[in-house]
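Read-outs: derived from the displayed coordinates by stated rules, not from any lab. The model shown is predicted, which means the values in this text are computed figures rather than measured ones. Every residue, glycine as well, gets a Cβ built from its backbone with ideal geometry; the counts of neighbours run over all protein chains shown.
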Amino acid sequence: MLEIRPNCEHCNKDLPNTSTEAMICSFECTYCKTCALEVFENVCPSCSGNFIERPIRPSKMIEKYPASIQRLFKPKELEKARINSKTFKNIHPKKR
Ligand SMILES: [Zn+2]
Ligand SMILES: [Zn+2]
């Protein structure tokens, strides 16, 4: 089950459950679309995997299984992230 983290780990933008801006990697590293696709070029700066749009938990379910309220805000070192993106962005996620 996804935690549904409440914010972008890099820029701290709010990403509530109903946001269509939230992107996650397979480890649920969570970023806004701008950070995931423009800053990190669809390469997760932590695990080098790709991102997909986070699904929205339906309203009935979010009552029973609430979204996380634990904010994780750890801006990435841009120089390192840039090297990581450059290394992996042209390699299909299947082959990373
Ligand atoms: Zn962001
Ligand atoms: Zn990741």
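Looking at I4, I62, I56, I24, which is the one that is hydrophobic (A, V, I, L, M, F, W, C) and closer than 22 Å to K86 by Cα?
On the way: I4 fails: closer than 22 Å to K86 by Cα; I62 fails: closer than 22 Å to K86 by Cα; I56 fails: closer than 22 Å to K86 by Cα.
When all the criteria are applied, what remains is I24.
Can you give me the number of residues within the stretch 62-96 that are in contact with a helix residue (DSSP H, G or I) (Cβ under 8 Å, 6 or more places away or on another chain) and in contact (Cβ under 8 Å) with a residue 60 or more places away in the chain? Break it down stepwise before answering.
Initially, the stretch 62-96 is screened for residues in contact with a helix residue (DSSP H, G or I) (Cβ under 8 Å, 6 or more places away or on another chain), giving 78, 81, 96.
With the extra rule that they be in contact (Cβ under 8 Å) with a residue 60 or more places away in the chain, the set shrinks to none.
Selection size over the stretch 62-96: 0.
Looking only at the stretch 73-88, count every residue that is surrounded by 15 or more Cβ atoms within 10 Å (Cβ to Cβ) and part of a loop (DSSP other than H, G, I, E, B) and tell me the total.
1
Of all residues in the stretch 25-56 being more than 14 Å from S68 (Cα to Cα) and among the β-branched types (V, I, T), which is surrounded by the fewest Cβ atoms within 10 Å (Cβ to Cβ)?
Residue satisfying both the conditions and the ranking: I52.
Does C47 satisfy the condition of being in a loop (DSSP other than H, G, I, E, B), of a type outside the set (K, R), within 23 Å of K86 (Cβ to Cβ) and within 14 Å of ligand 2 (Cβ to nearest atom)?
On the way: in a loop (DSSP other than H, G, I, E, B): yes; of a type outside the set (K, R): yes; within 23 Å of K86 (Cβ to Cβ): yes; within 14 Å of ligand 2 (Cβ to nearest atom): yes.
The answer is yes for C47.
I'd like the full set of residues that are within 14 Å of ligand 2 (Cβ to nearest atom), part of a loop (DSSP other than H, G, I, E, B) and either in contact (Cβ under 8 Å) with a residue 24 or more places away in the chain or touching a helix residue (DSSP H, G or I) at 6+ places or on another chain (Cβ under 6 Å) (or both), limited to the stretch 1-40.
L2, E3, R5, C8, E9, H10, C25, E28, F40
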